[in-house]
1. Could you let me know the centre-to-centre spacing of the stretch 366-410 and the stretch 280-344, using Cα atoms, in angstrom?
2. Taking the Cβ-Cβ separation of Ile487 and Ser12 as r and a Förster radius of 51 Å, what is the calculated FRET efficiency to the nearest 0.05?
3. Report the gain in length on full extension from Met1 to Gln112: 0.36 nm times residue separation, minus Cα-Cα distance, nm rounded to one decimal.
4. How would the stretch 260-317 be classified by its alpha-carbon gyration tensor: rounded, prolate or oblate, with rounded meaning a/c under 1.5 and the a/b versus b/c comparison settling the rest?
5. Which semi-axes, in whole Å and largest first, does the equivalent ellipsoid of the chain have when worked out from the alpha carbon gyration tensor as the square roots of 5 times its eigenvalues?
6. Given an 8 Å cut-off on Cα distances and at least 6 residues of separation, report the relative contact order of the chain as a percent.
7. Just to confirm the number: angle between the C-alpha axis of helix 142-155 and the first principal axis of the chain, 0 to 90 degrees, nearest 10?
8. If one takes the longest principal axis of the Cα atoms in the chain, at what angle in degrees, from 0 to 90 and to the nearest 10, does the Cα axis of helix 431-447 lie?
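Nothing in this text is a laboratory measurement; each read-out follows from the coordinates by a stated rule. Note that the structure is a prediction, hence the values are computed from the model and not measured. No Cβ is skipped: glycine too gets one built from the backbone with ideal geometry, and neighbour counts run over all protein chains shown.
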Amino acid sequence: MKKLQFSEIGKSFGSVVANDNISLSLGEGEILSLLGENGAGKTTLMNILFGHYVSDKGFIEVEGKKLTPGSTRASLDAGIGMVHQHFTLADNLTVLENIILGTEPLTRLWSQKKQAHQKLQDLSERFGLLIDPDARIADLTVGEKQRVEIIKALYRDASILILDEPTAVLTPQESEQLFKVLKEMVKAGLSIMFISHKLNEILEISDRIAVLRHGKLVGEVATKDATKESLAEMMVGRKVTRPAYEKLKIGKVVVELNDVCLKAKEGATSLSNINLKIHEKEIVGLAGVAGNGQAGLASILQGLASPSSGELKLFGDTLKKYGPSYLTESGVARIPEDRTKEGVIGEMEIWENFLGEELRTKSKSGFFIDKKEAVSSAEKLIEEYDIRCEGPYASTRLLSGGNIQKLILARSLSNNPRFIIANKPARGLDEGAISFVQQQIVNAKTKGAGVLLISEDLDEIFELSDRIAVIYDGKIQGPFDSNKVNINQVGLMMSGEMSKDSINEN
């Protein structure tokens, strides 16, 4: 039985066609994975389903009845629940208060609290979503917060659940638990649409996979008939290969942190006695759930913050002077976490952004820029790094996320840096762009650079890293040889449930 049916959905924004005649169904008790590059049309399609957008053509049916377009209330009443990647919970309220918020008029908001408490407990036990109804959201782990978001949808009697990148901030153990819950849900008759870029997870959890490309539905396949390679090719339209791992003989230490501490600002995590060495010709992967001190460590290594105590050595010398320009001139390259806010200035032209981190050294006497030389250099880098744009004079804000990342890579890596801090370099990119970005990092390692790869994607960490360290609550365990630790162990360390001593014993 078809639980949900999209029929010839079309949606354009000006000259951009976001959804092009998409027809797609979701069966009862089925998990359908929706896969596609950035800009493929997934988000637009989900926004139409949830009433945030109105399609230009086509219609949606739920259990054979047409869904009122442009009405979130109609979607909720039809049994559609959505769990967004970024949670929408009030930290100062309890689990129960968050769940019943919006389900009753304000005058009766707390009148059904006893009945709501019982319904929440029933749902928790039925689907294995165990949670304390009286716990404050601020005191919950990331995995527990996601459980609350799912229960919130179920509390509203959702029979169709849309999950948008549900494992993006979970440890492997939390992801495994989530999958068990989802399988219990489909046994109970719920239908689930699972949106993710993690091909391993899609192959594990789904019954069927639909692939969008450039706004069109380009293929549907039973999961049992799919592979990572075939899915990547459907997404991109060509064969995609990830860089091959090669262990090299390491060279000198490029970065050394000895008992480094950092007192964080309010709301952030402080760093406590960080000890870490990174050598030439090696990639050290730093795994951890977001918010455990990665931002502070990245700030220190980019010259944006000074340690409260401890010693930082760069290329064998104790660093006494901090600042991004000094570190850049010393041979440090950065790929920042937020490419649009920290990596480029959108209103500047592309050639100007290429100069961004070396303005003083590329200007004459520190005052004048040789524009002709700068534009010529930009043209060469645009071609070398395959940056899809209208030329060096184009506005940077018009570039896609993948092309902005290529610009940052070209600027950072073209000068053969000795140390690279790559902070979530592939986040939010499509398969083709991920392959390109990772290959450039591997090439830099081969040329002699030391790399610190900060990522929440353990597949990426294990694919690229020579050694792996884990950060939890501002403390680092490791690094460990990537061949002597597994994803399960790293996941337990990410959640604070395993110590390095347990690794050493094995």
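1. Using only Cα atoms, the two centres lie 24 Å from each other.
2. It comes to 0.75.
3. Extra length from Met1 to Gln112 when fully extended: 36.5 nm.
4. Judged from the Cα gyration tensor, the stretch 260-317 comes out oblate (a/c at least 1.5, b/c at or above a/b).
5. Gyration-tensor ellipsoid for the chain: 41, 29, 22 Å.
6. Across the chain, relative contact order equals 15 percent.
7. In the chain, helix 142-155 runs at an angle near 20 degrees to the longest axis.
8. 20 degrees
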